[in-house]
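The values are calculated or read from the model by the stated rules, or taken from the named source; none is laboratory data. In this text, all values refer to a predicted model and were calculated from it rather than measured experimentally. Virtual Cβ from ideal backbone geometry, glycine too; neighbours counted across all protein chains shown.
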Amino acid sequence: MDTEEIEVFLTLAEELHFGRTAARLRLPQPRVSRLVATLERRVGGTLFDRTSRSVRLTPVGEQLRCELRPAYDQVQAALSHAKNAARQATGVLRIGFTATSCCEAVTRATEVFELGNPHCETVLREVEIFEPYAALRRGEVDVLFNWLAVDEPDLSAGPAIDCRERVLLAAPGHPLAGRESVCQEDLGDWDLVMCPATFPRAFYDVLIPPRTPSGRLTRRVYPVRTIQEIVTLVALGRVVHPTGSSVLMYQRDDIVQIPIRDMPPVAIGPIWCTAHENARIRALVQATRSIAPAIC
């Protein structure tokens, strides 16, 4: 039996009026009549006695109503339970981060998520820093906590959970090292690193602007493959490197951090493939949203 036939039959059995049944189900009245007729042909008997003034169930119709109603209610309850389960965060949520985006706020967001979703297991994984979105697109992680400089048509980004002021990394003996602060224009005077082609272009340009405010090209000339190569080049005085503050691996005795006074802070937050969004991802985003006002 077609579920629409069942719904029309049970509603008409309650209303005993074709017009009210059509209005209640938001169907054209001729369709209600056709569905009832189809069901009667399927049953092989009349379900309703119709006159110009009344509609009544026949004995066959009454028997069908009594036997069909509990089954229909069970089906509707099962569908409702399935919908509720689909909205709840259950299963496994794989959370990714990079060497520079891992921070206390990621831990806090994960804890808030776990408290609110006790039936969901979380797995945390570090992803490749210069190709961070590949793990998302391959389905190896569900959500990535990374810098919120995203311009990818297939990705969505959530609220910020941490904000980092901008600093310039330099060797202690570098001419800029003694300054209280520097500006973006200073970047045009020194060699900078060249990130791999797999590094997200939008974030690359936010991290290391291709031009200074006056329009000079910056010298992104030293190719690197790992974050440790950047650290080593900075410590040797071969490059300076603009980045976000409070990255643990940059806190070394052979590297100084100079505030960049005219570059806006960069934020960290969740990123996910739009097509892969599910109840677990939405629950994590909600968890990040609940802590975001106290952080950024």
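Residues that are over 15 Å from residue 194 (Cβ atoms) and touching a residue at least 24 places away in the same chain (Cβ under 8 Å) within segment 224-237 comprise 231, 235, 236, 237, listed in sequence order. In segment 262-287, of all residues being charged (D, E, K, R) and within 10 Å of the chain's Cα centre (by Cα), the one that is farthest from residue 157 (Cα to Cα) corresponds to 280. Of everything in segment 18-33, what is surrounded by 14 or more Cβ atoms within 10 Å (Cβ to Cβ) and not in a helix (DSSP H, G or I)? Give them in sequence order. The answer is 27, and nothing else. Residues in segment 46-66 include none that are under 48 Å from the mean Cα position of the chain (by Cα), of a type in the set (Ser, Thr, Tyr) and farther than 30 Å from residue 113 by Cα.
Is it fair to say residue 286 is farther than 16 Å from residue 183 by Cα and not assigned by TED's automatic domain parsing to the domain that holds residue 208? Answer is yes for this residue.
Considering (1) over 28 Å from residue 105 (Cβ atoms); (2) free of Cβ contacts under 8 Å to residues at least 24 places away in the same chain, the lone condition that residue 221 does not fulfil carries the number (2).
Taken residue by residue, segment 244-259 has no member that is under 21 Å from residue 153 (Cβ atoms) and of a type in the set (Gly, Ala, Ser). Against the list (1) farther than 17 Å from residue 241 by Cβ; (2) assigned to a loop (DSSP other than H, G, I, E, B); (3) among the small types (Gly, Ala, Ser), the condition residue 173 fails is (1). The condition (being crowded, with 22+ Cβ neighbours inside 10 Å, under 22 Å from residue 194 (Cα atoms), at pLDDT 95 or above and small (Gly, Ala, Ser)) is satisfied by just one residue among 177, 170: 170.
The set of residues in segment 181-199 that are surrounded by fewer than 16 Cβ atoms within 10 Å (Cβ to Cβ) and polar (S, T, N, Q) comprises 181, 198.
State which residue is surrounded by the fewest Cβ atoms within 10 Å (Cβ to Cβ) when the search covers only segment 154-167 and only residues that are touching a helix residue (DSSP H, G or I) at 6+ places or on another chain (Cβ under 7 Å) and at pLDDT 95 or above. In this case the residue turns out to be 154. Residue 296 meets the stated requirement of being at pLDDT below 90 and either touching a strand residue (DSSP E or B) at 6+ places or on another chain (Cβ under 7 Å) or within 30 Å of residue 173 (Cβ to Cβ) (or both).
Here is a yes/no grid of residues against (1) among the polar types (S, T, N, Q); (2) within 36 Å of the chain's Cα centre (by Cα):
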| residue | (1), (2) |
| --- | --- |
| 166 | no, yes |
| 179 | no, no |
| 190 | no, no |
| 193 | no, yes |
| 217 | no, yes |
| 228 | yes, yes |
| 233 | no, yes |
